[in-house]
């Protein structure tokens, strides 16, 4: 079975769970921070909605420099509403789904590098980037958002089984 076919069910499942979590975004609490070192809720939601974009970038290039020639990449515009978060997420989810579906096994085995001002931060296969730096990253920040929801008394969606709010 092709790598793209093996990844497809997990990718679809995690994207659907993330969308369900973003649907509950409380627009009146976007500046909430559970701790001084934490993201604001709006920044966390922006990051979560943007993570799938990396799949298209990974599959469409051999590297990404986060600060080419010392100039940082432009940060995504911060989301201002649940509708904005969902629109961005849906576009990026469609893009990563298409990129994964059209990739060959050779594409997945090609090395990809993340750089900062020309310096290599890491190199790994595109497959490993998709699994670890995108899917696992998505799951990690989705869980963070669930903690924010709990602290704000927003029903936490069921993800891998029932939640205390969805039996």
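Kindly indicate the residue of the stretch 22-43 that is crowded, with 18+ Cβ neighbours inside 10 Å and farther than 28 Å from residue 123 by Cβ and also farthest from the chain's Cα centre (by Cα) among those meeting that condition. That would be 30. If you go through the stretch 131-161 and keep only what is part of a helix (DSSP H, G or I), more than 18 Å from residue 34 (Cβ to Cβ) and in contact with a helix residue (DSSP H, G or I) (Cβ under 9 Å, 6 or more places away or on another chain), you end up with 131, 133, 134, 135, 137, 138, 139.
Within the stretch 62-79, identify whether any single residue is buried (at least 17 other Cβ atoms within 10 Å of the Cβ) and either under 15 Å from the mean Cα position of the chain (by Cα) or closer than 30 Å to residue 153 by Cα (or both), and answer yes or no.
Here is the first cut: in the stretch 62-79, the residues buried (at least 17 other Cβ atoms within 10 Å of the Cβ) are 64-65, 79.
Okay, now just the ones that are also either under 15 Å from the mean Cα position of the chain (by Cα) or closer than 30 Å to residue 153 by Cα (or both), so 79.
Yes; the residues of the stretch 62-79 include at least one that is buried (at least 17 other Cβ atoms within 10 Å of the Cβ) and either under 15 Å from the mean Cα position of the chain (by Cα) or closer than 30 Å to residue 153 by Cα (or both).
Let's see how each residue does on (1) under 21 Å from the mean Cα position of the chain (by Cα); (2) farther than 17 Å from residue 16 by Cβ:
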{"position": "94", "(1), (2)": "yes, no"}
{"position": "99", "(1), (2)": "yes, yes"}
{"position": "106", "(1), (2)": "no, yes"}
{"position": "125", "(1), (2)": "yes, yes"}
{"position": "134", "(1), (2)": "yes, no"}
{"position": "141", "(1), (2)": "yes, no"}
{"position": "163", "(1), (2)": "no, no"}
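The residues on offer are 58, 128, and the sole one that is assigned to a helix (DSSP H, G or I) and crowded, with 18+ Cβ neighbours inside 10 Å is 58.
Output the number of residues of the stretch 109-121 satisfying the condition of being in a strand (DSSP E or B) and either under 17 Å from residue 68 (Cβ atoms) or touching a helix residue (DSSP H, G or I) at 6+ places or on another chain (Cβ under 7 Å) (or both).
Matching residues across the stretch 109-121 total 8.
On the basis of being in a helix (DSSP H, G or I) and either in contact with a helix residue (DSSP H, G or I) (Cβ under 6 Å, 6 or more places away or on another chain) or at pLDDT below 95 (or both), does residue 100 make the cut? Judged against the criteria, residue 100 is a match.
The values are calculated or read from the model by the stated rules, or taken from the named source; none is laboratory data. Bear in mind the structure is a predicted one, so any value in this text is a computation, not a measurement. Backbone-built Cβ (ideal geometry, glycine too); neighbour counts: all protein chains shown.
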